[in-house]
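This report refers to the structure that appears directly beneath it.
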Amino acid sequence: MIAIAISTTIADGGEYACAVATAGGEPQLLDFDPAALDDQLAGAAGVLLSGGGDVEPARYGESSDLADEVDPRRDAFELALVRRARERGLPTLCICRGVQVANVAFGGTLVDDIGRALGPAAAALHRWEVDGESVRGLIDGHTLAIRPRSLLATIVANESLVTGSRHHQSIARVAADLDVVGTTADGIIEAVEARFASPFWLGVQWHPESTLAQDDGASSAIFAAFVAAAGHFADSRNDR
Ligand code: MN
């Protein structure tokens, strides 16, 4: 069994759990309880940080009137989670809020609102809305330039990728231990990898779990690579 610990507010893990299960992992949902972090990670072979509300700006030394759905308890848990996953060398996949949490955990900062920073066209590109609902599928023009030979380029077998996008914040100052490997043409950071040693570490600002059947396999390839790395982690632990 390849247990993947998922941090999310979605009761059954939703699309995240489905994507993990489809890739051959066993989703295990975490409680936002920092005191129980080590117990919850005892059998985990991988960690997935999911989307959600905004990180409390004080966590990166700023304030904002546009921070939305702040949950200090979740922040505390997930900041500890992503650091502990790193200490343990656990394969880690961070999605949307997850990549923002990781950047803050490792010392970076966030753009508190893309619309305020870059204007309404940029805001709409990164959160396309129809009838007041954000579109969950691929967004025409939300095209990433991916660094050649990066982990992400290898996984998706491409250096250009159209993705979905549902975010109003993004990475501002990149944490020293992370490396930008994907951006949109407006300069928004969409993908980061670890500079520290890890069997698998990828942060994506978009939502591959929502586009598994829409992009010629790139989204499912991300989950497949993550769960495969978790499988190797589980095997190496069992060998000890
Ligand atoms: Mn985006």
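Laboratory data are not the source of any read-out in this text; all were calculated from the coordinates shown. Predicted model, so just to flag it, every value in this text is computed and none were measured. Positions of Cβ are generated from backbone atoms using ideal geometry, with glycine treated the same way; all protein chains shown enter the neighbour counts.
At-a-glance table
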| quantity | calculated |
| --- | --- |
| Set D177, D186: member being more than 22 Å from S50 (Cβ to Cβ) and either of a type in the set (D, E) or touching a His at 6+ places or on another chain (Cβ under 9 Å) (or both) | D186 |
| Test: L212 is more than 16 Å from the ligand (Cβ to nearest atom), of a type in the set (A, V, I, L, M, F, W, C) and closer than 27 Å to D68 by Cβ | yes |
| Residue satisfying all of: in the stretch 119-141; touching a strand residue (DSSP E or B) at 6+ places or on another chain (Cβ under 6 Å) and not polar (S, T, N, Q); farthest from L202 (Cα to Cα) among these | R127 |
| Some residue of the stretch 182-202 being more than 29 Å from E62 (Cα to Cα) and either within 16 Å of the ligand (Cβ to nearest atom) or free of Cβ contacts under 8 Å to residues at least 40 places away in the same chain (or both) | no |
| Checking I171 against (1) within 15 Å of the ligand (Cβ to nearest atom); (2) in contact with a Pro (Cβ under 8 Å, 6 or more places away or on another chain); (3) not polar (S, T, N, Q), the condition it does not meet | (2) |
| In the stretch 1-53, the residues that are hydroxyl-bearing (S, T, Y) and either crowded, with 23+ Cβ neighbours inside 10 Å or on the phi > 0 side of the Ramachandran plot (or both) | S7, T8, Y16, S50 |
| Of all residues making up the stretch 121-139, the number that are of a type outside the set (G, A, S) and either surrounded by fewer than 10 Cβ atoms within 10 Å (Cβ to Cβ) or touching a helix residue (DSSP H, G or I) at 6+ places or on another chain (Cβ under 6 Å) (or both) | 5 |
| Residues located in the stretch 101-146, provided they are polar (S, T, N, Q) and touching a Lys or Arg at 6+ places or on another chain (Cβ under 6 Å) | T109, S134 |
| Residue ranges of helices (runs of 4 or more DSSP H) in the stretch 88-149 with at least 1 members of a type in the set (K, R), more than 20 Å from the chain's Cα centre (by Cα) and within 16 Å of the ligand (Cβ to nearest atom) | 114-118 |
